[in-house]
1. Read through the list (1) closer than 17 Å to GLN117 by Cα; (2) in contact with a strand residue (DSSP E or B) (Cβ under 8 Å, 6 or more places away or on another chain); (3) modelled with pLDDT under 95; (4) not hydroxyl-bearing (Ser, Thr, Tyr), then give the number of the only condition that LEU102 fails.
2. Taking region 43-78, which residues are out of contact with any helix residue (DSSP H, G or I) (no Cβ under 8 Å at 6 or more places or on another chain), among the polar types (S, T, N, Q) and at pLDDT 95 or above?
3. Just the residues that are over 18 Å from the mean Cα position of the chain (by Cα) and part of a strand (DSSP E or B), please, taken from region 128-148.
4. When you look at GLY156, is it farther than 30 Å from ILE47 by Cα, at pLDDT below 80, loosely packed, with under 10 Cβ neighbours inside 10 Å and within 19 Å of the chain's Cα centre (by Cα), yes or no?
5. How many of the residues in region 83-119 are under 30 Å from ALA23 (Cα atoms) and of a type outside the set (Asp, Glu)?
Amino acid sequence: MLTANKYLPAGRGLAPALARRAATLTLDWDTRSKSRFDAHDSTGRHIAVFLPRGTVLRGGDMLVAEDGSFVRVEAAPQSVLQVRACAEHGTPTDLPRAAYHLGNRHVQLEVQADCLQLEPDPVLAEMLRRMHLIVTEAQAPFEPEAGAYGEGGGHGHHGHAHGDAHDHHHAHGH
């Protein structure tokens, strides 16, 4: 068994050729959000992963094994709910409003421009459908937003004033 207790977010500092040649570990979100787990990589090696508590692995991160080899993490397709606005009956604020309500419930949520993804939940699916959103089940990689205070993965959201939400309500004249 091989131990991996270091990782390079997004393979930072690694030659692209090395990253491409690395064995892969295809993991669902539940596993990628644990700091300790066992898995088998694409070459069949048994890898014991021990990362600092609170570590969350993302597709494209590279694990460094104790023998110096690299293993690329891939986000496995998994069951997700995809939420989209309804072009016929909806309004442009439906999807942002849904993201707000889901965020208030601390739901793990992947936010894309035209789609929200979350783990299957019949109660939430029903709530979203009542908000005139289109909810479909799919198999897709799941990369939820990092919490505002979590990870610190260099996304520096600290220290800029964004003003009050009310300031830019009608700035674009929709």
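The values are calculated or read from the model by the stated rules, or taken from the named source; none is laboratory data. Worth saying up front: this structure is predicted, and the values here are computed from it rather than measured. Heads up, the Cβs are rebuilt from the backbone with ideal geometry, glycines too, and the neighbour counts pull from every protein chain shown.
1. Failing condition for LEU102: (3).
2. THR43
3. LEU133, ILE134, VAL135, THR136
4. For GLY156, the condition - farther than 30 Å from ILE47 by Cα, at pLDDT below 80, loosely packed, with under 10 Cβ neighbours inside 10 Å and within 19 Å of the chain's Cα centre (by Cα) - is met.
5. So the answer is 6.
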